[in-house]
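To start, the structure itself, in structure tokens.
Bear in mind these aren't lab numbers, they're just calculated from the coordinates by the rules spelled out. Nothing here was measured: the structure is a model prediction, and the numbers come from that model. Here Cβ is always computed from backbone atoms with ideal geometry, including for glycine, and neighbour counts include all displayed protein chains.
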Amino acid sequence: MIDETLEDLNGSIGKAHEALKRELAKIRTGRAHPSLLDSVRVEAYGSATPIAQMATINVPEARMLTVKPWDKSQLKAIEKAIVQSPLGLNPQNDGESLRLPLPPLTEERRKEFVKIARRAGEDCKVTIRNARRDANDLIKSLVDDKEIGKDDGERAHKEVDELVKKAGTEVDAIVARKEKDILEV
């Protein structure tokens with residue numbers, strides 16, 4: 001029972017870390033990356049479709065993205081979605097594909113992005129703490145129901161705390177790497 005609880009906690013921590021990484025990938029750094037367009041949805045085929053499901057996204061150079069739709073008739077819709085997104089990109093349409101030059105980030109904008117990254121890190125830590133609370137509650141109920149002994153319960157609580165502490169350190173490391181990327185000129 002304790003092993004299952006710790007396994008569930010590890011799974012929750014892993015999911016929280018993955019969610020954080022996905023969230024941080026959406027934050028723009030000075031370099032182009034295809035995941036920048038992950039949050040952009042295009043009104044096409046009767047629904048809001050992610051660009052990655054409609055086009056090939058390439059990075060020909062450090063500050064440039066290209067978007068080549070599989071269906072050329074959707075080029076205008078993709079262009080419109082990118083312009084309306086909060087990314088602040090201005091696509092150049094050549095009739096076949098879109099070129100998205102990434103303007104250099106201002107110092108003020110970089111600091112905003114760092115704050116957003118830190119907030120995402122804190123949200124991840126809150127998720128991990130909630131998973132810790134659930135695991136500790138489950139262990140406490142096992143002890144109360146006399147399914148495990150008090151000593152085993154104490155050991156399990158310590159293991160939970162160690163896992164959560166390690167997970168928090170990992171969150172800090174992930175956010176620090178992203179901050180370094182953002183502040184790099």
- prompt: Tell me which aspartates and glutamates have Cα within less than 15 Å of residue 150's Cα, excluding those fewer than 8 residues away on the same chain?
  reply: 137, 159
task: Taking the Cβ of each residue in 175, 126 as the centre, tally the other Cβ atoms inside 10 Å and list the residues starting with the fewest.
output: 126, 175
query: How high is the FRET efficiency between residue 145 and residue 173 when r is their beta carbon distance and R₀ equals 45 Å, given to the nearest 0.05?
result: 0.75
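With the convex hull built on the Cα atoms of the chain, state its orientation-averaged projected area in nm².
Working: hull surface 51.9 nm².
Convex hull of Cα atoms, orientation-averaged projection: 13.0 nm².
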message: At a threshold of 8 angstrom on Cα-Cα distance, excluding pairs fewer than six apart, so keeping six or more, what relative contact order does the chain reach in percent?
response: 26
- prompt: What lysines could a cross-link reach from residue 80, if we take a straight Cα to Cα line under 27 Å and drop same-chain neighbours fewer than 8 places away?
  reply: 26, 68, 72
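Please give the contour-minus-distance gain from residue 72 to residue 56: 0.36 nm per residue of separation, less the Cα-Cα distance, rounded to one decimal in nm. Each step should come with its number before you reach the end.
Values: separation 16, 0.36 × 16 = 5.76 nm, distance 1.19 nm.
Length difference between fully extended and current span is 4.6 nm.
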query: Using alpha-carbon positions, what is the distance between the centroids of the range 120-185 and the range 1-64, in Å?
result: 23
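Among 73, 12, which comes first, then next, by fewest other beta-carbon atoms within 10 Å?
Details: 73 8, 12 19.
The fewest-first ordering by Cβ neighbours comes to 73, 12.
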field: Dipole axis of the chain (+1 Lys, Arg; -1 Asp, Glu on Cβ), positive-most option in 24, 52, 92
entry: 92
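Counting other C-beta atoms within 10 Å, which of 54, 64 has the fewest, and how do the rest follow? Write down the numbers at each step before the final one.
Values: 54 20, 64 14.
Fewest-to-most ranking of 54, 64: 64, 54.
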query: Can you give me the relative contact order of the range 34-101 as a percent, contacts being Cα pairs under 8 Å and 6 or more apart?
result: 28
message: If I take the Cα coordinates of the range 34-101 and project them onto the principal axes, what are the three extents in Å, biggest first?
response: 34, 24, 17
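Sorted by mean Cβ packing within 10 Å, highest first, what order do the peptides 13-19, 88-94, 75-81, 144-150 take?
Details: 13-19: 15.7, 88-94: 13.9, 75-81: 18.6, 144-150: 10.6.
So the peptides 13-19, 88-94, 75-81, 144-150, ranked by packing, come out 75-81, 13-19, 88-94, 144-150.
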- line: Sorted by chain and number, the residues with a modelled amide H under 5 Å from that of residue 64, at a separation of 5 or more or across chains, are 32, 102
